[in-house]
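What follows is a short report on a single structure.
The values are calculated or read from the model by the stated rules, or taken from the named source; none is laboratory data. Nothing here was measured: the structure is a model prediction, and the numbers come from that model. Positions of Cβ are generated from backbone atoms using ideal geometry, with glycine treated the same way; all protein chains shown enter the neighbour counts. Please note that ligands, DNA and RNA were not included when accessible areas were found on the heavy atoms of the full protein model with its side chains. Shrake-Rupley method; radii C 1.70, N 1.55, O 1.52, S 1.80 Å.
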Amino acid sequence: MSEVIKNQHIGNQMLAMKMRNLYKEDIDKFKDLADYFSLSYYVNGRNVKEYYDFSKHLYTKGHNVEKLFEKGFSYLKEISDQKSLEWTLIKTEQLNRSEDFLSICSYPQLMALDREPEVILTNKLILDSEKNISFLNFMSELGVIGEIIKELVPNLYKDRERWMLLQSLTKREKDIIQELATGKKLYDISDAMCVTESTLRTHKKNVYRKLGIHNSRELVRYALIMDLILD
């Protein structure tokens, strides 16, 4: 993978995470921003059977989009390449089982939203206990997406290493970062997570080592930069 493609892939993932967080915090602002930048996204049930929200831009991608929103998974099977759909379902199931809200499931899809099938690069995240949100990058729009990333993820080159380190952590380690960054004490986190304080200290030590940080101030700074502290 070339450096340019790798940077755009990481940028796509970082953009998806930022937009998912904004969706949870202020859905009106999210929709305004998605409309302004012509982002393609959809929200569907974690069982993949039904759709709840399609972006305005997604509706411009072909005459099959409206039918997909109305009919759901049964129509997805009609317009998708079966091999890519099988892979999509496998990746989605893995994400759902993980219950990792800081993880991103990335995969290609081959769908005929219009007359001809098109390759779509998808970044899917867990939205809440019932829904996922997916951001779609159409091959024909990759240059445009690159410009959007520059606008919304201005520190991509500085933050890409932090992002890759975050994705190397386990779900439990990511959970601990979020708890520690809000100022909670070890005994409170221990009770909430049903683990001993000794085990928690070991996790904390591993997190510090993996992220290359040395104290709580650096941890909070990292969490703020990576947009990990949510209400």
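Some points to look at:
- Residue among G62, G45, G11 that is open to solvent by less than 30 Å² (accessible area, probe 1.4 Å), on the phi > 0 side of the Ramachandran plot and among the small types (G, A, S): G62
- Scope region 139-184; condition modelled with pLDDT under 75, open to solvent by less than 50 Å² (accessible area, probe 1.4 Å) and part of a loop (DSSP other than H, G, I, E, B); matching residues: V153
- Evaluating L22 against the criteria (1) without any contact (Cβ under 8 Å) to a residue 12 or more places away in the chain; (2) more than 30 Å from R162 (Cβ to Cβ); (3) surrounded by 14 or more Cβ atoms within 10 Å (Cβ to Cβ) leaves one unmet condition, (2).
- The residues of region 10-46 that are over 15 Å from the mean Cα position of the chain (by Cα) and polar (S, T, N, Q) amount to a single one, S38.
- Residue selected from region 89-133 under the condition within 22 Å of M14 (Cα to Cα) and of a type in the set (D, E), by the criterion least open to solvent (accessible area, probe 1.4 Å): D100
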